[in-house]
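Chemist: This is the structure, below, for whatever I ask next.
The values are calculated or read from the model by the stated rules, or taken from the named source; none is laboratory data. Since this is a predicted model, take the numbers as computed values, not measurements. A quick note on method: Cβ atoms are made from the backbone with ideal geometry, for glycine too, and the neighbour counts reach across all protein chains shown. These area figures cover heavy atoms from the full protein model, side chains too; ligands, DNA and RNA do not enter into them. Shrake-Rupley method; radii C 1.70, N 1.55, O 1.52, S 1.80 Å.
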Amino acid sequence: MRDLRVAYLTTRGPVKAVDGVSFGIRPGEVVGLAGESGSGKSTIAHAILRILHPPALITGGQALFEGRDILEMDDDELNRFRWSKISIVFQSAMNALNPVSKIRDQLSDVMLMHGLSKTEARQRAVELFDLVGIEPQRLDAYPHQLSGGMRQRAVIAIALALNPPLMIMDEPTTALDVVVQKDILQQIATLREKLGFSILFITHDLSLLVEISDKIAIMYAGQIVEQAPARELFDHPAHPYTLGLMNSFPSITGPKHKLAGIPGSPPDLIAPPSGCRFHPRCPKAMPHCSQIAPLPQAISPTHAVACHLFDQ
Amino acid sequence: MNPISPEPSSILEIRGMTKYFPVGVLNRTRQVHAVEDVSFTVRRGQVVALVGESGSGKTTTIRMIARLIPVTRGEILFKGQDILKAEPRQASLEYRHQVQLIFQDPFASLNAVHTIEHHLARPLIIHGKASGRQELHDRVCDLLETVELKPSPEIAARYPHQLSGGQRQRVSIARALAVDPELILADEPISMLDVSIRMGVLNLIGRLKEQRGISFVYITHDLASARYIGDQIMVMYAGHMVEGGDSETVMSEAAHPYTQLLLAAVPNPHAGLKTDAQLQARGEVPSLIDPPPGCPFAARCTRVMDVCRQVMPEPLTVRPGHWVRCHLYGKM
């Protein structure tokens, strides 16, 4: 992604949901995108697949996949590209599946669209269910006959259908109970080891992200404020917002201390705060934070942060 | 009205509370066992956290305590008085002003066509806490300041859609506080809020407990927040309460295999994701329609024994202030 910009056009003016976002995903890598609701993380996912609908508008930037700019593809190319190269798993499997059609048909649909024969699609469906750990008999079930966890597994099976090199997961486990969530995350980790695809994993749950990702980007108000390898980010968070987020998750072990969270609430993106967008909530804000927007700068070869505290 | 409970510090005591919902169309003979034989005590100025996955009966439990739905069986002792006997048909205004409820969804629990002032003034009027325009307005502003919504006169004039989720949830808390309750039932009050503002709301609950001595029943599926705010933790599974005790003890010395499973499932950045994992209890919560006898967790439990499929274990104290319902601890 290079300098991606997306705006939602509203009667009150454009909402700059994604404002100059750049990051890269290497083959086999899990990149985590963390942020609160409204920070633009899902918008990025939708922009990559070009499934944004008006009033959303991609206003600038590039989304390069293996050197080709997705944002410049025509409809035909896009149709062949989607799902075979990048697939997506949405948050709510309940809404992602069609309630009046059998899981088997929904699985085959994707494969038939991309030129597999009916027999091939049938075989592949059984293979896929095996892969995600559901008994193949369940292929003939309707979505409502499956539990939440199984539905999410079925959605992952559909995403895997064409063996795409990149899978986008937009809060895939948020609607699930913790035990089922853990189970699915382990399944995803195992599948990735076996098949070697990359993942763009989007969630608001930082502790989950640290567990599953290689690299993490933290978003605030449409911009990436910090980017680093997962361990590094967890052990040495630099941006005050990241620190605040870390301070928002109580732990189940260790000494109990008071957590402050972050005061205030996320900004209105029609008129975002001037300068650094986090300055009104930042405990370390300095006078020039409200005037000059900080640019991302490297504080180590792998760790970038957009904050004036690190200005030389 | 004779005091039944001898325990002086308890404000609420639940004994053997059970809720069945009939299902089916014509002869409604099948029953959903939503809550089965739940007992616990809330002491004055304490937060009791009810922890469980969706469908475990947490919300049904507090809706029964709030008297929003009838109780199938069991007793609710509020300040020593058996409320279901004293007020069998519906709760009195007096009970309602002492026991208040905060809902999960701050977007659905406020009426879009009324101002915040209207929301907060109504309980004050109904319960006769204030009258006259000026007095009402002053009380509303006080309430808003208690929940840290400032400037209060400005917030009071706003409509719900003009507030953020966190602000709305604070209004819900202010509404509950309007009648000076002694017990607040909070149903996942932070689960729909943005992560960065959750701690603010939790800390507010903690402060109300400390400063005003209000007791809370806090419902959550998140063990970490239960530990953060709860003095006591009760773990629910498929309508049963399977373990309970002081929150630190339950978290560090979890006795029930289900509690251990829940703890293992919490994302832990320190440990990383283990693909081998001891998390072997696969499967999901069983159906609650006419469930088989025995422990509801038997089907998923890695340490299941024959007796588990026949008899529901009785609560057993494993150490002072910590009990569990599990046959593993039967012969101690």
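Chemist: Hey, if you put +1 on the Cβ of every Lys and Arg and -1 on every Asp and Glu Cβ in the protein assembly as shown, which of B:Met64, A:Ser207, A:Pro172 ends up farthest toward the positive end of that dipole?
Modeler: The Cα lying farthest towards the positive end belongs to B:Met64.
Chemist: Here's another thing I want to ask about it. For region A:16-91, what is the Kirkwood estimate of the hydrodynamic radius, computed as the reciprocal of the mean inverse distance between distinct Cα atoms, to one decimal in Å?
Modeler: Working: mean 1/r = 0.0738 Å⁻¹.
Every distinct Cα pair counted, the radius reaches 13.6 Å.
Chemist: Looking at chain A as a GNM with Cα springs under 10 Å, which of A:Pro296, A:Pro54, A:Pro280 has the largest mean-square fluctuation?
Modeler: A:Pro54
Chemist: Okay, next question. Compute the Cα gyration tensor for region A:121-177, then decide on rounded, prolate or oblate, letting a ≥ b ≥ c be the square roots of its eigenvalues: rounded whenever a/c is under 1.5, prolate when a/b is larger than b/c in the other cases, and oblate in all that remain. Show your work: numbers first, answer last.
Modeler: Details: a/c = 2.32, a/b = 1.06, b/c = 2.18.
Oblate is the answer for region A:121-177, as a/c is 1.5 or above yet b/c matches or exceeds a/b.
Chemist: Which order do B:His240, B:His114 take by accessible area at a 1.4 Å probe, largest first?
Modeler: Numbers: B:His240 25, B:His114 60 Å².
Descending accessible area places them as B:His114, B:His240.
Chemist: Probe 1.4 Å, all protein chains in place: accessible area of B:Cys326 in Å², nearest 10?
Modeler: Accessible surface of B:Cys326 is approximately 20 Å².
Chemist: I'd like to check one number: the per residue accessible area of region A:271-312, probe 1.4 Å, reported in Å² as a whole number.
Modeler: Averaged over the residues of region A:271-312, the accessible area is 59 Å².
Chemist: Need the list of lysines near B:Lys85 for cross-linking: C-alpha distance under 19 angstrom, and skip anything on the same chain fewer than eight residues off.
Modeler: Cα-Cα hits under 19 Å: B:Lys19.
Chemist: Any idea what angle helix A:118-132 forms with the longest principal axis of chain A, computed on alpha-carbon atoms, 0 to 90 degrees, nearest 10?
Modeler: 50 degrees
Chemist: Keeping all protein chains in the complex and leaving out DNA, RNA and ligands, what accessible area do you get for A:Ile224 with a 1.4 Å probe, in Å² to the nearest 10?
Modeler: Around 30 Å² of this residue is reachable by solvent.
Chemist: How many Å² of accessible surface get buried when A and B come together, counting both sides, probe radius 1.4 Å, rounded to the nearest 100?
Modeler: Chains A and B together bury approximately 3600 Å².
Chemist: Ordering A:Met246, A:Met169 by how much accessible area each has at a 1.4 Å probe, largest first, what is the list?
Modeler: A:Met246, A:Met169
Chemist: May I pose another question? Compute a Gaussian network model of chain A, connecting alpha carbons closer than 10 Å, and tell me which residue from A:Ser147, A:Ser290, A:Ser92 fluctuates the most.
Modeler: The residue that fluctuates most here is A:Ser147.
Chemist: Rounding to the nearest 10 and keeping the result within 0 to 90°, find how far the Cα-based axis of helix B:195-212 lies from the longest principal axis of chain B.
Modeler: So the inclination is approximately 80 degrees.
Chemist: Right, next: Would you tell me the mean number of C-beta atoms belonging to other protein chains that fall within 10 Å of each C-beta in A:225-234, as a whole number?
Modeler: Working: counts 0, 0, 0, 0, 0, 2, 2, 0, 1, 2.
Counting other chains' Cβ atoms within 10 Å and averaging over A:225-234 gives 1.
Chemist: Here's something else I'd like to know. How high is the relative contact order of chain B, in percent, counting Cα pairs under 8 Å that sit 6 or more residues apart?
Modeler: 20 percent
Chemist: Averaged over A:199-210, how many beta carbons belonging to a partner chain fall within 10 Å of each residue's beta carbon? Kindly include the intermediate steps, with their values, before the conclusion.
Modeler: Values: counts 0, 0, 0, 0, 1, 3, 2, 3, 6, 5, 2, 6.
If you average over the peptide's residues, the count of other-chain Cβ atoms is 2.
Chemist: Additional query: Quick one: Cα centre-to-centre distance for region B:210-248 and region A:80-133, in angstrom?
Modeler: 42 Å
Chemist: Please list A:Asp177, A:Asp214 from largest to smallest accessible area, probe radius 1.4 Å, with all protein chains kept in place.
Modeler: Most to least solvent-accessible, the answer reads A:Asp214, A:Asp177.
Chemist: Accessible area of B:Arg158, 1.4 Å probe, to the nearest 10 Å²?
Modeler: The accessible area of B:Arg158 comes to roughly 60 Å².
Chemist: Here is a further query. Tell me, what % of the accessible area of chain B is carbon and sulfur with a 1.4 angstrom probe?
Modeler: 51 percent
Chemist: Any chance you could check the Cα centroid distance between region A:1-75 and region B:24-93 for me, in angstrom?
Modeler: 48 Å
Chemist: For chain B, what does -39500 (n - 2.57) per DSSP helix run (n ≥ 4), summed and divided by total residues, give at 222 nm, in deg cm²/dmol to the nearest 500? Mind dumping the intermediate values first?
Modeler: Working: 11 runs with 101 residues, N = 332.
Taking each H run of at least 4 residues, the total per residue is -8500 deg cm²/dmol.
Chemist: Any idea what angle helix A:178-195 forms with the longest principal axis of chain A, computed on alpha-carbon atoms, 0 to 90 degrees, nearest 10?
Modeler: With both axes taken from Cα atoms, the answer is about 70 degrees.
Chemist: How much net charge surrounds B:Ser152 when only the other residues with a Cβ under 13 Å from the Cβ of B:Ser152 are counted, with Lys and Arg +1 and Asp and Glu -1?
Modeler: Summing Lys and Arg as +1 and Asp and Glu as -1 gives -2.
Chemist: Restricting to Cα pairs below 8 Å that are 6+ residues apart, what does the relative contact order work out to for region A:66-143? Please round to a whole percent.
Modeler: Here the relative contact order equals 34 percent.
Chemist: Turning to a different aspect of this structure: Near the amide H of B:Leu12, under 5 Å away, which other amide H atoms are found, from residues 5 or more places off or on another chain, if H is placed in the peptide plane?
Modeler: Under 5 Å from the amide H of B:Leu12: B:Val42, B:Lys79.
Chemist: Among rounded, prolate and oblate, which fits region A:199-251 when a ≥ b ≥ c are the square roots of the eigenvalues of its C-alpha gyration tensor, a/c under 1.5 means rounded, and a/b larger than b/c means prolate?
Modeler: Verdict is rounded for region A:199-251.
Chemist: Any idea what the dipole of the protein assembly as shown comes to, in debye rounded to 20, about its Cα centre with Lys/Arg Cβ at +1 and Asp/Glu Cβ at -1?
Modeler: Working: 65 positive and 65 negative charges, 178 e Å.
For the protein assembly as shown, the charge dipole is close to 860 debye.
Chemist: For A:Lys16, which lysines qualify as cross-link partners when the Cα separation must be under 24 Å and same-chain residues fewer than eight apart are set aside?
Modeler: A:Lys41
Chemist: Taking the Cα centroid of region A:136-150 and of region B:152-167, what is the distance between the two, rounded to the nearest whole Å?
Modeler: Value for the Cα centre distance between the two parts: 43 Å.
Chemist: Follow-up question, since we're still on this one. For the protein assembly as shown, which semi-axes, largest first and in whole Å, follow from the square roots of 5 times the eigenvalues of its Cα gyration tensor?
Modeler: That gives 42, 34, 23 Å for the three semi-axes.
Chemist: Under the rule a/c < 1.5 gives rounded, and otherwise a/b versus b/c splits prolate from oblate, where does region A:229-312 land using the Cα gyration tensor?
Modeler: The shape class here is oblate.
Chemist: Ignoring everything except DSSP H segments at least 4 long, calculate the 222 nm mean residue ellipticity for chain A; use -39,500 (n - 2.57) per segment, divide by total residues, nearest 500.
Modeler: -9000 deg cm²/dmol
Chemist: Just B:Arg15, B:Arg303, B:Arg67 to compare: in a GNM of chain B, with alpha carbon springs under 10 Å, which one fluctuates most?
Modeler: B:Arg303
Chemist: So for chain A, averaging the separation of alpha carbon pairs under 8 Å that are six or more residues apart and normalising by length, what relative contact order in percent results?
Modeler: So the answer I get is 21 percent.
Chemist: If N is the number of residues in region A:163-312, what value comes out of its Cα radius of gyration divided by 2.2 N^0.38 Å?
Modeler: 1.15
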